[in-house]
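The values are calculated or read from the model by the stated rules, or taken from the named source; none is laboratory data. Nothing here was measured: the structure is a model prediction, and the numbers come from that model. Glycine also receives a Cβ, built like all others from the backbone with ideal geometry; neighbour counts cover every protein chain displayed. Ligands, DNA and RNA are stripped out before the accessible areas are found, and what is left, the full protein with its side chains, is counted by its heavy atoms. Shrake-Rupley method; radii C 1.70, N 1.55, O 1.52, S 1.80 Å.
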Amino acid sequence: MAAYVIADLKVTDPDTYARYIKAVPETIAAHGGRYIARGGAVETLDGDWAPSRFVIVEFDGMEQAKAWWHSDAYHGPKAIRQASAESRIILVEGV
């Protein structure tokens, strides 16, 4: 069953975050992940949620997503993201 990493990000240091953007795709692909949405336009339809950068990554399952999240390969990029953006990230099991 598919699983989705969903991130709501507020980039605070665009120059540093650009390094994250370059480094992370390879780590995702290595775990079978693929981008569904990556920083495109966001329009709020109901409520007051207004993410400035929204990302959805699909994995084949929860185990693959968790393996990516905890991988040595993602450790460095994760630190770059944490230094350059405020993040709210969840893992959701698909249907």
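Filter the stretch 3-29 for residues that are touching a residue at least 40 places away in the same chain (Cβ under 8 Å) and out of contact with any Ser or Thr (no Cβ under 9 Å at 6 or more places or on another chain); which is nearest to residue 39 (Cα to Cα)? Here the answer is 6.
Listed by position, the helices (runs of 4 or more DSSP H) inside the stretch 11-95 whose residues that are under 24 Å from residue 1 (Cβ atoms) and either hydrophobic (A, V, I, L, M, F, W, C) or open to solvent by 30 Å² or more (accessible area, probe 1.4 Å) (or both) number at least 2 are 14-29, 62-69.
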